Amino acid sequence: MTQAWKVTVIVLAAAGVVSTPLIWLLDSPGAGQLAGASVQAAVGIAALVWALFQHPGNRTDDTATRTGVADANDGGTAVTGIRRPQGRGSGSAKAEDTGNATATGDASSATSGIDYT
């Protein structure tokens, strides 16, 4: 969700929470008006919470094509392709025709493709 849409949803939700229920409740509401005001306020609050927890819309797409050979020695790390620590990143990741990755020595690692660790 883009920042503009997020702001729009927040403003509309706030207006929905405050506007009609406030007008209904100021004029000695009946049971139906009180129920309607409660439902409208709940929907507005739900929309507000939903908008606040949406991730930004700036997705990045990663592509690695025909990468070369990588070598890791003695505890080093080599990646031929794409590295996303802890799976970070909201866009797609694509690696094609990656080269060999070689790791030698204790605690060394090599990845040919996409590394989500």
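Ligands, DNA and RNA are left out, and with a 1.4 angstrom probe the accessible area of the chain is 66 Å² per residue. Among I45, I23, I82, the residue with the largest mean-square fluctuation in a Gaussian network model of the chain, with springs joining Cα atoms closer than 10 Å, is I23. Here r is the Cβ-Cβ distance between E96 and T117 and R0 is 25 Å; the resulting FRET efficiency, rounded to 0.05, is 0.75. All other residues whose Cβ lies under 10 angstrom from that of A101 are scored, Lys and Arg at +1 and Asp and Glu at -1, for a net of -2. Estimated at 0.36 nm per residue, the fully extended path between T104 and L34 surpasses their Cα-Cα distance by 18.1 nm. Assuming charge only on the beta carbon of Lys and Arg (+1) and of Asp and Glu (-1), the dipole of the chain about its Cα centre is about 360 debye to the nearest 20.
For D71, the residues whose amide H sits under 5 Å from its own are T102, ignoring neighbours fewer than 5 places away on the same chain, with H placed 1.01 Å from N.
For Y116, the amide hydrogen comes within under 5 Å of the amide hydrogens of R84, counting only partners 5 or more places away or on other chains and with H modelled in the peptide plane.
Per atom type, the chain shows carbon and sulfur on 58% of its accessible surface, probed at 1.4 Å. Remark: accessible surface ordering of D74, D61 (largest first) is D74, D61, probe radius 1.4 Å. The chain: Rg/Rh from Cα coordinates, Kirkwood Rh? We get a ratio of 1.41 for the chain. Across the chain, the mean sequence separation of Cα contacts (distance under 8 Å, 6 or more residues apart), normalised by length, yields a relative contact order of 24 percent. Other residues whose C-beta falls under 15 angstrom from the C-beta of T65 contribute a net charge of -2, scoring Lys and Arg +1 and Asp and Glu -1.
The values are calculated or read from the model by the stated rules, or taken from the named source; none is laboratory data. Note that this is a predicted model, so its numbers are computed, not measured. Heads up, the Cβs are rebuilt from the backbone with ideal geometry, glycines too, and the neighbour counts pull from every protein chain shown. Just so you know, the surface numbers come from the protein's heavy atoms only, side chains and all, with ligands and any DNA or RNA stripped out. Shrake-Rupley method; radii C 1.70, N 1.55, O 1.52, S 1.80 Å.
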